[in-house]
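Here is the structure we will look at.
The values are calculated or read from the model by the stated rules, or taken from the named source; none is laboratory data. Just so it is clear, the model here is predicted, and its values are computed rather than measured. Backbone-built Cβ (ideal geometry, glycine too); neighbour counts: all protein chains shown.
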């Protein structure tokens with residue numbers, strides 16, 4: 001078993017901040033509580049595909065998950081629901097909308 005699989009298995013069995021991660025396989029998160037316009041929804045999907053091919057378990061150094069968020073932003077809770085919530089909060093606070101985040105991504109190759 002690879003080190004990555006061992007780490008993900010350990011993370012899957014640890015309870016963090018009241019949330020249990022029960023599987024390291026890709027899971028579809030419940031719908032976010034944030035209501036997005038159709039253009040923002042499309043931009044969010046576009047970013048998720050470019051960042052991780054829609055994988056909640058993708059990792060790249062200090063970035064993790066579907067939206068490749070800094071692991072510090074996730075506070076140890078790597079669940080799909082938390083990734084969705086944190087991504088929405090991050091994007092709205094930094095760019096104002098997912099559409100603006102996509103514009104930034106297109107000009108800088110990151111968001």
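Observations, loosely collected:
- Pick from segment 76-101, criterion touching a residue at least 40 places away in the same chain (Cβ under 8 Å) and not in a helix (DSSP H, G or I), ranking: surrounded by the fewest Cβ atoms within 10 Å (Cβ to Cβ): 76
- Count of segment 19-75 residues which are in a strand (DSSP E or B) and at pLDDT 50 or above: 6
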